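Each remark here refers to the structure printed beneath this line.
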Amino acid sequence: MIPITSKIAIDEGEIKEAFIRASGPGGQKVNKVATAVQLRFDVRRSPSLPEHVRERLIELAGRRINRKGVLLLDARRFRTQERNRQDGLDRLIALIQRAAETSKPRRATRPTQASRRRRLAAKRYQGERKRLRRPVNSS
């Protein structure tokens, strides 16, 4: 089990890994060794995620999630398979942790009378400045 938060942990079996060749630096064996890691995590079918976390994760993942609900992460930052594997796993954990955070609800507020006065004064000042830039009519 991979711990995400104090209440959420996902099973290693839910994460599928595929190794692909990475572009970029790699030395002599650049076209021989598959060092990049492609992680697949089925968000929609995961029994480990609560429903609110699942919905928020789908929202946060954006284009990285396909129509079937599978999250696809590419990790190709490092030259070794093991470091890319750990990087991909860390990024997945961070994404799920962000989805698990609950944002506090926004309380509607109104601008103060002083802030309204300052805004209108700034608008008058700006309008006056622009008016002074105009050419003088010589009629």
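Some values worked out for this structure:
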| read-out | value |
| --- | --- |
| Diffusion constant of the chain at 10 °C, which comes from Stokes-Einstein with the Kirkwood Cα-pair radius and 1.306 mPa s, µm²/s | 82 µm²/s |
| Modelled FRET efficiency - R0 35 Å, S23 with K104, Cβ distances, 0.05 increments | 0.25 |
| Paired Rg and Dmax values of the stretch 86-131, which use every Cα atom, in angstrom | 22.5, 61 |
| Extension reserve of the E128-I8 stretch, reckoned as 0.36 nm per residue once the Cα distance is removed | 37.3 nm |
| Kirkwood Rh and Cα Rg combined as Rg over Rh, evaluated for the stretch 58-139 | 1.42 |
| Highest-first arrangement of 3-12, 111-120, where packing means the average Cβ count within 10 Å | 3-12, 111-120 |
| Mean separation of Cα contacts under 8 Å (6+ apart) over length of the chain, as relative contact order % | 21 percent |
| Using alpha-carbon coordinates, inclination of helix 51-61 to the longest axis of the chain, degrees | 70 degrees |
| Long-range HN-HN contacts of I2 with modeled amide H, under 5 Å | I10, D11, E12 |
| Mean ellipticity per residue at 222 nm, deg cm²/dmol - from DSSP H runs of n ≥ 4 across the chain, formula -39500 (n - 2.57) | -12500 deg cm²/dmol |
| The stretch 53-92 - convex hull of the alpha-carbon atoms, volume per residue in Å³ | 72 Å³ |
| Residue among S46, Q113, L89 farthest towards the positive dipole end of the chain, charges placed on Cβ | Q113 |
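No value in this document is a laboratory result; all are computed from the given coordinates. Remember, it's a predicted structure, so these values are computed and weren't measured experimentally. Backbone-built Cβ (ideal geometry, glycine too); neighbour counts: all protein chains shown.
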